Amino acid sequence: MSDVARQPARASGEFAIGGDLHVRRLGYGSMQIPGPGVWGEPRDHDEVIRVLRRAIDLGVTFIDTAAAYGPEVSERLIHEALHPYPEDLVIATKAGFMRSGPGRWEINGKPEFLKSQAEKSLRLLGLERIELFQLHRIDPEVPLPDQLGALLELQAEGKVGRIGLSEVTVPQIEAAREITSIATVQNLYNLSERRAEPVLDYCEREGIGFIPWFPMATGGLAQHDGPLQRIGEKHDVTPAQLALAWLLQRSPVLLPIPGTSSLAHLEENVGAALIELTPEQVQQLDAASHEIAFT
Ligand SMILES: NC(=O)c1ccc[n+]([C@@H]2O[C@H](COP(=O)([O-])OP(=O)(O)OC[C@H]3O[C@@H](n4cnc5c(N)ncnc54)[C@H](OP(=O)(O)O)[C@@H]3O)[C@@H](O)[C@H]2O)c1
């Protein structure tokens, strides 16, 4: 069996985050690991452990997580499933949200909070250094230089490698880049929700990694009764695979991180890396995207 047949994520190609941190472009997002409302323990602990291990078997080298997922649950289970980590695995985490219950998220960009979250992530993940550390949200109540200052202090201490942002506009990225280099941006983006297009174009021009969150519109794009089903049918490709293949083809800086707590869905999703869309299919997908209500 060839390397790509064994590890389909290889077919998605590579991207060098910050110019030197190499990952395969099709990654895995771990927000679906905790219980409902991204809170507490998973419904099926053993399946989650199997999903994480299988992602590595399938060639995934980029996992996105956050201190707020659970909170702490996602990072702890990544450690349980994968530590000691493969050398080429990059675990990106984030800080900047406090959690007080299922579905409840409160922004906190106070420097002390960001630093304590980083320390907790290092401990839970069992890492000495977080290679990509993302500010989960810019806190409008805290000056940006203070928020990024906390991340820079962590970097100076060797606890953080590169710095990323999440849910930002082009002017916000530019303001951040006056203070430090920005390796990645993580914004909401998928076939049916493209408001971040100017940010993606900016990232492509500047060589910044763009991590689209909700790459399958929280599963809406993966449904089997919508327009994507029609387009995929002829080619034996599933709706989820079309949505992910579209992202991979859209820009070389795009790093999709589809989330799932199901082994079957994981295998299907990683298989998207093997799909090359024809210009006709891309056209059909663009047309169909107007029919798809973003959920
Ligand atoms: N920066 C931010 O503010 C932010 C916000 C949200 C998310 N994120 C990141 O982005 C990642 C991706 O977002 P997401 O996981 O919430 O949404 P998503 O990847 O768009 O969709 C995940 C949903 O789709 C379902 N699904 C996955 N594969 C499927 C398939 N092949 N067929 C049918 N259904 C499928 C999953 O259910 P099953 O579990 O049943 O497969 C889950 O409900 C997160 O894990 C997280 O790392 C970041």
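The values are calculated or read from the model by the stated rules, or taken from the named source; none is laboratory data. Predicted model, so just to flag it, every value in this text is computed and none were measured. With ideal geometry, Cβ positions are generated from the backbone for all residues, glycine too; neighbour counts draw on all protein chains shown. These accessible areas exclude ligands, DNA and RNA; they are computed on the full protein's heavy atoms, side chains included. Shrake-Rupley method; radii C 1.70, N 1.55, O 1.52, S 1.80 Å.
Answer with yes or no whether Thr93 is hydroxyl-bearing (Ser, Thr, Tyr), open to solvent by less than 40 Å² (accessible area, probe 1.4 Å) and touching a Lys or Arg at 6+ places or on another chain (Cβ under 7 Å).
No: the conditions fail for Thr93.
Within segment 157-203, take every residue that is open to solvent by 70 Å² or more (accessible area, probe 1.4 Å) and more than 17 Å from the chain's Cα centre (by Cα) and give me the one that is farthest from Pro239 (Cα to Cα).
Glu157
Let's see how each residue does on (1) within 14 Å of the ligand (Cβ to nearest atom); (2) open to solvent by 20 Å² or more (accessible area, probe 1.4 Å); (3) basic (Lys, Arg); (4) free of Cβ contacts under 8 Å to residues at least 60 places away in the same chain:
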position	(1), (2), (3), (4)
Gly209	yes, no, no, no
Trp246	yes, no, no, yes
Arg250	no, yes, yes, yes
Thr260	yes, no, no, no
His265	yes, yes, no, yes
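His235 passes all but one of (1) under 25 Å from Leu165 (Cα atoms); (2) open to solvent by 60 Å² or more (accessible area, probe 1.4 Å); which number fails?
So His235 meets the others, but not (1).
Scan segment 176-192 and report the pairs whose first residue is over 13 Å from Gly149 (Cα atoms) and whose second residue is among the aromatic types (Phe, Trp, Tyr) and more than 11 Å from the ligand (Cβ to nearest atom), with Cβ atoms within less than 6 Å and a gap of 6+ or a chain change.
Matching pairs, first to second residue: Val185/Phe210; Leu191/Trp246.
Pick from segment 173-193 the residues that are in contact with a helix residue (DSSP H, G or I) (Cβ under 8 Å, 6 or more places away or on another chain) and away from the ligand (no atom under 11 Å from the Cβ): which of them is farthest from Leu21 (Cα to Cα)?
Checking each candidate, the answer is Ala175.
Keeping to segment 54-80, report how many residues are in contact with a helix residue (DSSP H, G or I) (Cβ under 8 Å, 6 or more places away or on another chain), among the small types (Gly, Ala, Ser) and within 15 Å of the ligand (Cβ to nearest atom).
Count: 4.
Got a number for residues in segment 18-32 being within 15 Å of the ligand (Cβ to nearest atom) and either among the basic types (Lys, Arg) or modelled with pLDDT of 95 or more (or both)?
Total meeting the criteria: 8.
Output the residue which, of all residues in segment 243-254 that are in contact with a strand residue (DSSP E or B) (Cβ under 6 Å, 6 or more places away or on another chain) and not in a loop (DSSP other than H, G, I, E, B), is farthest from Glu193 (Cα to Cα).
Among those residues, the one meeting the criterion is Leu254.
For segment 65-82, name all the residues that are touching a His at 6+ places or on another chain (Cβ under 7 Å) and open to solvent by 10 Å² or more (accessible area, probe 1.4 Å).
Result: no residue meets the conditions.
Output the residues belonging to segment 96-130 that are more than 24 Å from Glu41 (Cα to Cα) and within 16 Å of the ligand (Cβ to nearest atom).
Within segment 96-130, Gly109 is the sole residue that qualifies.
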